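Every number in this text was worked out from the coordinates using simple rules, so none of it is lab data. Small disclaimer: the values here were computed from a predicted structure and weren't measured. Cβ coordinates were reconstructed from backbone atoms using ideal geometry, including for glycine residues, and neighbour counts include every protein chain displayed.
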């Protein structure tokens, strides 16, 4: 006889026997498993990676592998986990967002970093972009201005056994001079101008990817490449980020 497991049964309410005797517990086999609260979302995550590769033309295999390996659903509120791998941004606490997967992948790809690179991230938010960067760079330093978000992001990346990244609470527009110079700097918030302290903290040949625009609602994705004599800028299209708040960004 097959073994009847507790996951295969449905317990119905107690019913009295017709003779008025003791209640009887009725158990029937259902053949269905209960919802798995710890599911890994591997199928929607793979579909997300396929969309990044086939539709958005993300070419860097290391970026695609990072997007496949990091559980995006672990960085969003529980009520939104079922939507974590959709083609959209999602709200998190502190009136902030976790960026659309394409934007995360594209900005990471534009950095062109490798396992020997030192990277600075401005605007850790949930910690998802931090985790992605940790898979493609040697060391990641991340700044988040909202203290609760910084603590939560740090806790999440440690829970995922990521130890080459660290998050602190500070004004990200000032950079993190103690660990400079950087091979790459990624800014996950939109400012009115390119923050000069961040350019100053790049290595020669290093890349800064930052949303810039005259309004808080829409920006252009700019890549700044530092040269021996200054820097050059490239425009990589429109985007929309939360405002970059700080001394070299928007006022509160």
For region 89-239 the mean separation of alpha carbon contacts under 8 Å (6+ apart) over residue count, i.e. relative contact order in percent, is 18
Go through 168-175, 42-49 and give me the packing order, highest mean Cβ count within 10 Å leading. 168-175, 42-49
Distribution output for region 89-239: share of Cα-Cα pairs per 5 Å bin in percent, first bin at 0, values 2, 11, 21, 24, 24, 13, 5, 1, 0
Cα gyration tensor category, rounded, prolate or oblate, for region 48-163 with a/c compared to 1.5: oblate
Going by Cα centres, region 36-106 and region 229-252 are how many Å apart? 24
Only bridges with both residues in region 89-239 count here: give the DSSP antiparallel percent, nearest 5. 45
